[in-house]
């Protein structure tokens, strides 16, 4: 596929390599080496005819082994490298500055780019965390050339060391060249999506149960899971186009026929994963609609209950008000005739007392009839 270094860059690369060798010798005698971050790990291997022939301890030694062994291939694995290491790789292999910038900054969407004859692939591996019930995303950048593969990992997944062990245990696969390493990485990333799909399916089943149990926390869980599914969809959907792009270049770049079949198998698994994720997103939308309907029904039932309670309270208030009005009338009359003033018109009237009682009865009876007709009593 890609030529390891362009002719115009070869002298510069050699000078850069000699300068690095001289600098390492000076550092070894006059000054202590620069401390490496604990989180960064380097695994370099040189392969000939599908077998590992050297495990250089540094990038400089890897370059030297690659030059000293014609027909060899280097696989350089980096974990969150610094700019100095990536600059060394760019100078040695002629990597494009835009790809190097992406590898340093990370936070890229999955993509496949060709810079000259170098292939640059960005992948978004994922793993399902059982305890918090969420998806953890990582990022892997892969540079593929004619006789080299450079992997730059950001995050904990996938286990590229396991991928290397698998490939090294299969010399027939490894001797197919750098494209075989790219296939193995793609296959591991795509296989890692299966537990994530199973975890999401289980979460959706739990959410469906919670919806019909009227779980008050289910709305928040639906929203959180929808965000995870969307992010997972962004990590998987671009792979379909990426693998189609690889397939389109099979003939042009002379990809091994058996390797083509392997890549098509990966493409089939990607299609299945993308279809499941699309189903999850549609299912979550339907669950959200059902949950909103159930919540609305519950609110309507609560409002109906509150309305019925309010109406019952109004009936009681009306009855109390009616009886208060009825009792107020005789109280008013009795109060007037009980003031005991000497100059009152009916104070010495023989029929005054029967008249007052009759008036009270008539007023109370009239109010009772009126309230009865108005359904207050």
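For this structure, a couple of remarks:
- Failed item, numbered, when residue 128 is tested on (1) buried (at least 19 other Cβ atoms within 10 Å of the Cβ); (2) assigned to a helix (DSSP H, G or I): (2)
- Out of 201, 248, sole residue that is under 21 Å from residue 112 (Cβ atoms) and surrounded by fewer than 16 Cβ atoms within 10 Å (Cβ to Cβ): 248
- Answer residue from region 265-280, given it is touching a helix residue (DSSP H, G or I) at 6+ places or on another chain (Cβ under 7 Å) and closer than 15 Å to residue 186 by Cβ and is surrounded by the most Cβ atoms within 10 Å (Cβ to Cβ) among those: 273
- Which numbered condition residue 124 misses (of (1) closer than 20 Å to residue 155 by Cβ; (2) over 27 Å from the mean Cα position of the chain (by Cα)): (2)
- Qualifying residue in region 172-190 (condition: over 30 Å from residue 53 (Cα atoms) and modelled with pLDDT of 90 or more): no
- Any chance residue 365 is more than 60 Å from the chain's Cα centre (by Cα), surrounded by 12 or more Cβ atoms within 10 Å (Cβ to Cβ) and modelled with pLDDT of 85 or more: yes
- Of all residues in region 221-254, those that are farther than 21 Å from residue 140 by Cβ and over 14 Å from the mean Cα position of the chain (by Cα) total 6.
- Among the residues listed as 175, 165, the single one being in the same structural domain as residue 43 (by TED's automatic domain parsing) and either crowded, with 22+ Cβ neighbours inside 10 Å or over 30 Å from residue 291 (Cα atoms) (or both): 165
- Test: residue in region 12-24 that is crowded, with 19+ Cβ neighbours inside 10 Å and modelled with pLDDT of 50 or more: no
- Members of region 129-159 found to be more than 19 Å from residue 43 (Cβ to Cβ) and in contact with a strand residue (DSSP E or B) (Cβ under 6 Å, 6 or more places away or on another chain), listed by number: 129, 135, 136, 137
- For region 248-271, the tally of residues that are assigned to a helix (DSSP H, G or I) and on the phi > 0 side of the Ramachandran plot stands at 0.
- Of the residues making up region 104-117, at least one is at pLDDT below 90, part of a helix (DSSP H, G or I) and touching a helix residue (DSSP H, G or I) at 6+ places or on another chain (Cβ under 7 Å).
- Scan of region 72-88 for residues that are over 33 Å from the mean Cα position of the chain (by Cα) and closer than 19 Å to residue 178 by Cα, ordered by number: 72, 73, 74
- Meets criteria (closer than 23 Å to residue 127 by Cα and buried (at least 19 other Cβ atoms within 10 Å of the Cβ)) for residue 283: no
- Search result, residues across region 71-84 that are within 16 Å of residue 45 (Cα to Cα) and either buried (at least 22 other Cβ atoms within 10 Å of the Cβ) or in contact with a helix residue (DSSP H, G or I) (Cβ under 8 Å, 6 or more places away or on another chain) (or both): 72, 73, 74, 75, 76, 77, 78
- Counting only residues that are surrounded by fewer than 12 Cβ atoms within 10 Å (Cβ to Cβ), modelled with pLDDT under 90 and over 29 Å from residue 156 (Cα atoms), region 27-67 holds 5 of them.
The values are calculated or read from the model by the stated rules, or taken from the named source; none is laboratory data. Just so we're clear, the structure is a prediction, and the values are computed from it rather than from any experiment. Cβ sites come from the backbone with ideal geometry, for glycine too, and all protein chains shown count toward neighbours.
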